[in-house]
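What follows is one structure encoded as structure tokens, with my remarks underneath.
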Amino acid sequence: MKLDATIILALNRAVERLGGIGNLGKKLEISPSNLSRYLHGKVQTISDSNWLKLKKILCPGSLEEAMQNTPVIEWKELQQDPELVHRNGPLEHLMLRVQGQQMAPLVCDRDLLVVHRQATLKEIPENKIVVAVFNPMQQGALKAVCKRLRKINGNYWFFSDEPGGICFPAEKEKIVWTGVVLRKICEL
């Protein structure tokens, strides 16, 4: 089975519902390391045997529910109104349609990103691509960014994968929402 955004979102909800990857792994007899690879989009497909086990808990209602309850936000809308991530309570997941080439060549214009909220920068593994939404009351043009997060000398920095792209410090007090990119769906 091809791993896609719908499955990742439903799997995230199952992990939350059962209290962690370990519990889900025990219930389905799937190794937590495999479940982690699925959750973080590190593989493209799920083996047939694991899919048969996962289908029992993810299908049919939870896959559709995951997509119905996960908003798709256009980058331009997020730039104009950063409060979108809080409008109906703090979003745990969102699907974000990128605009521009700020993370080219990995993330390109019109790609759809599946993003999972992380409460703090510390929760995000080193060198992951993240979406950060800034406090709209702060001065400055940036409302949100999609960048690679790195920790240098105890401080967090946002880097662009684009050659010649900008890097700047991730000032925690200015960030109101952060999420790690779990998966990219290319615009075809």
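Taking the stated definitions as given, is Asn155 open to solvent by 70 Å² or more (accessible area, probe 1.4 Å) and at pLDDT 85 or above? Here the answer is yes, as Asn155 does meet what is asked. Considering only residues in the stretch 52-91 that are out of contact with any helix residue (DSSP H, G or I) (no Cβ under 7 Å at 6 or more places or on another chain) and open to solvent by less than 30 Å² (accessible area, probe 1.4 Å), the one that is modelled with the highest pLDDT turns out to be Trp75. Restricting attention to the stretch 1-33, the residues that are outside any helix (DSSP H, G or I) and buried (at least 19 other Cβ atoms within 10 Å of the Cβ) add up to 2. Scanning the stretch 34-50 for residues that are of a type in the set (Val, Ile, Thr) and surrounded by 13 or more Cβ atoms within 10 Å (Cβ to Cβ) yields one hit, Ile46. Selection of strands (runs of 3 or more DSSP E) fully inside the stretch 75-158 by the criterion of at least 1 residues being closer than 22 Å to Ala10 by Cα and basic (Lys, Arg) returns 93-97, 112-118. When Val145, Val133, Val98 are checked against the criterion of being closer than 17 Å to Ala5 by Cα, among the β-branched types (Val, Ile, Thr) and open to solvent by less than 30 Å² (accessible area, probe 1.4 Å), a single residue qualifies: Val98. For the stretch 1-49, what are the residues that are among the hydroxyl-bearing types (Ser, Thr, Tyr) and within 20 Å of the chain's Cα centre (by Cα)? Result: Thr6, Ser33, Ser36, Tyr38, Thr45.
The values are calculated or read from the model by the stated rules, or taken from the named source; none is laboratory data. On a predicted model such as this, the values are computed, not experimentally measured, just so you know. All Cβ positions, glycine included, derive from the backbone under ideal geometry; neighbour counts span all protein chains shown. Remember, those area values only see protein heavy atoms, side chains included, never the ligands or the DNA or RNA. Shrake-Rupley method; radii C 1.70, N 1.55, O 1.52, S 1.80 Å.
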